[in-house]
């Protein structure tokens with residue numbers, strides 16, 4: 001009898017894969033800009049710059065940007081952690097439930113903090 005390695009079936013939903021891919025793109029494009037703003041412009045800027053950034057963050061568009069800035073890199077990061085665990089032959093039980101559930105919980109928490117509260 002031949003030893004046949006079975007390939008896992010990629011049954012991830014297209015929405016989840018899209019969120020993982022969009023999270024990586026979002027983190028690559030917008031995270032450096034936000035880090036520069038937080039690290040240099042806010043502490044070393046004048047009061048007018050700080051107040052204009054805070055006014056922008058309190059608008060609906062600013063809250064949407066912050067929500068995407070929080071949630072999308074989380075989706076990407078959790079997928080990368082799961083991929084790294086698979087490379088070391090660590091297969092946690094209910095991995096999709098852990099990955100999708102944790103990312104969804106963090107996203108729901110960000111939505112609650114920014115829009116509901």
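Screening segment 15-95 for helices (runs of 4 or more DSSP H) wholly inside it with 3 or more residues that are in contact with a helix residue (DSSP H, G or I) (Cβ under 7 Å, 6 or more places away or on another chain) and surrounded by 13 or more Cβ atoms within 10 Å (Cβ to Cβ) returns the ranges 47-57, 60-87. Tell me which residues, restricted to segment 54-97, are modelled with pLDDT under 90 and within 22 Å of residue 113 (Cα to Cα). If the condition is that a residue be modelled with pLDDT under 90 and within 22 Å of residue 113 (Cα to Cα), then 54, 56, 57 are the ones that fit.
The values are calculated or read from the model by the stated rules, or taken from the named source; none is laboratory data. All of these numbers come straight from a predicted model, not from anything done at the bench. Counting neighbours? That spans all protein chains shown, and the Cβs are built from the backbone with ideal geometry, glycine included.
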